[in-house]
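Input: a single structure, listed below in structure tokens.
The values are calculated or read from the model by the stated rules, or taken from the named source; none is laboratory data. Being a predicted model, the structure only gives us computed values, none of them experimental. Counting neighbours? That spans all protein chains shown, and the Cβs are built from the backbone with ideal geometry, glycine included. Quick note on the areas: whole protein, heavy atoms, side chains included, nothing else; ligands and nucleic acids left out. Shrake-Rupley method; radii C 1.70, N 1.55, O 1.52, S 1.80 Å.
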Amino acid sequence: SWAVQLLDFDSRDLDRPVKEYSSGMVQKLALIQAVQHRPDLLLLDEPANRLDPLAHHGFENLVRSIAADGRTVLLSSHVLSEVESTCDEVAMVRGGRLLMVSSVRELSAAALRRVTIVYRDRPAELPDGLHDASVDGLVVTGRVEAHRPAVLREILRDPAVDDLLVEAAPLEETFVHLYREERGA
């Protein structure tokens, strides 16, 4: 079947008792059972847990294939790279309370940016709006909220700045940041 192929499940293993399977093989088998009847709605809790990298890639393709077929997949995952690569919409839940619902694209756009600033001389003070800053000689690293580009413009105006690198932070860092804001920490 298409799920067996995508998850790289060797059909020769079907002749062996399940009790001899590794935990990854059991997870593959459970996923195959869940999708084989092509349900309109699929609920998955930590579905890629225990999958090897090749099977994990196949799992992501499986979810995209199901969604492309017009069916719905709801998955719970703490692996945010998995959420980024397989989901269109994301809901943040904490303590049983829904904090937010957003498209992955919108959340990525509003996410934190990792910032690395290289100075000519040791900085006298750190830029305002730079979170979780650390200093290593002439290099300062930290995070800036994407919706605050003025912070980056201010950093660039500093004549002591030699170089600036800005990267999108993984969604995981954004979730942690949003949880901290929710707690008021």
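Quick notes on this structure:
- Ala34 vs. criteria of a type in the set (A, V, I, L, M, F, W, C), within 16 Å of Ser81 (Cα to Cα) and part of a helix (DSSP H, G or I): no
- Residues of the stretch 99-124 satisfying the condition of being open to solvent by 40 Å² or more (accessible area, probe 1.4 Å) and within 20 Å of Leu42 (Cα to Cα): Val101
- Condition check for Leu74: closer than 21 Å to Leu171 by Cα, in a strand (DSSP E or B) and open to solvent by 90 Å² or more (accessible area, probe 1.4 Å): yes
- Just so you know, in the stretch 62-85 the residues that are out of contact with any Cys (no Cβ under 9 Å at 6 or more places or on another chain) and under 21 Å from Ser23 (Cβ atoms) include one that is modelled with the highest pLDDT, and it is Leu62.
- Test: residue in the stretch 142-157 that is open to solvent by 90 Å² or more (accessible area, probe 1.4 Å), modelled with pLDDT under 90, closer than 20 Å to Leu126 by Cα and basic (Lys, Arg): yes
- Flag if Glu60 is within 19 Å of Leu171 (Cα to Cα), open to solvent by 50 Å² or more (accessible area, probe 1.4 Å), touching a residue at least 12 places away in the same chain (Cβ under 8 Å) and not hydroxyl-bearing (Ser, Thr, Tyr): no
- Tally, over the stretch 79-112, of residues that are of a type outside the set (Asp, Glu) and closer than 24 Å to Pro149 by Cβ: 14
- For the stretch 158-171, taking the residues that are under 30 Å from Asp88 (Cα atoms) and either without any contact (Cβ under 8 Å) to a residue 40 or more places away in the chain or of a type in the set (Gly, Ala, Ser) (or both), the one that is surrounded by the most Cβ atoms within 10 Å (Cβ to Cβ) is identified as Ala169.
- Taking first residues from the stretch 124-140 that are within 10 Å of Val151 (Cβ to Cβ) and partners that are assigned to a loop (DSSP other than H, G, I, E, B), the Cβ contacts under 8 Å between residues at least 6 apart in sequence or on separate chains come to Pro127/Asp158; Gly129/Arg148.
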